[in-house]
1. Being in contact with a helix residue (DSSP H, G or I) (Cβ under 6 Å, 6 or more places away or on another chain) and assigned to a helix (DSSP H, G or I) is the filter here; which residues of segment 176-217 pass it?
2. Going by the conditions given, is residue 111 under 18 Å from residue 58 (Cβ atoms) and at pLDDT below 95?
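The values are calculated or read from the model by the stated rules, or taken from the named source; none is laboratory data. Computed from a predicted structure; not experimentally measured. Reconstructed Cβ throughout: ideal geometry from the backbone, glycine too, with neighbour counts over all protein chains shown.
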């Protein structure tokens, strides 16, 4: 039986495909490169809360408040991981489901956009998370992705112009989320009008470093959450 060698061009093509496939696999696990992710997951494994009516799901913004104290309730837990992206949320949803919540408030996307993850990909992952909640009769609440301030990231080379560009990507994501919420009769909390400047940045007086909130911003956010809870008699 004759053995035929593949042409060099075909071999190079197959090698390129293999490399791209491997890179896509690495990219799909990008959330695992965040060292805080494993630390928080380990904490979830030892937390003793068996049930919570309200879950706050998100990144460092969500993680930045003691939501039980902020809302003055004992039936709320915070499940935010600093630097997390939507892929990371999706990978840890079992930790949300096992709490058997009645309602889950979701905020995310800022880290995705600053990690150059395409808006459409972030939105698609967001939708999968929402669908997973609704399939379990859990009420999802979509919260707008918030802006960066004009001065954010100066110490590592970001400029007002680069932040402006990222904020416009946030606008694209928020438009997709708002439209999806409207089409599917899902509650939409839009913080942008309350905490942003007319020229499209996070208000400097509401942030400690350009993205993370001061107490005044959390007070605004909590008030919007309470409106939705009241609507659902929760």
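1. If the condition is that a residue be in contact with a helix residue (DSSP H, G or I) (Cβ under 6 Å, 6 or more places away or on another chain) and assigned to a helix (DSSP H, G or I), then 176, 194, 195, 206, 216, 217 are the ones that fit.
2. For residue 111, the condition - under 18 Å from residue 58 (Cβ atoms) and at pLDDT below 95 - is not met.
Okay, residues lined up against (1) within 20 Å of the chain's Cα centre (by Cα); (2) within 28 Å of residue 101 (Cα to Cα); (3) not in a helix (DSSP H, G or I):
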| site | (1), (2), (3) |
| --- | --- |
| 152 | yes, no, yes |
| 173 | yes, yes, no |
| 221 | yes, yes, no |
| 233 | no, yes, yes |
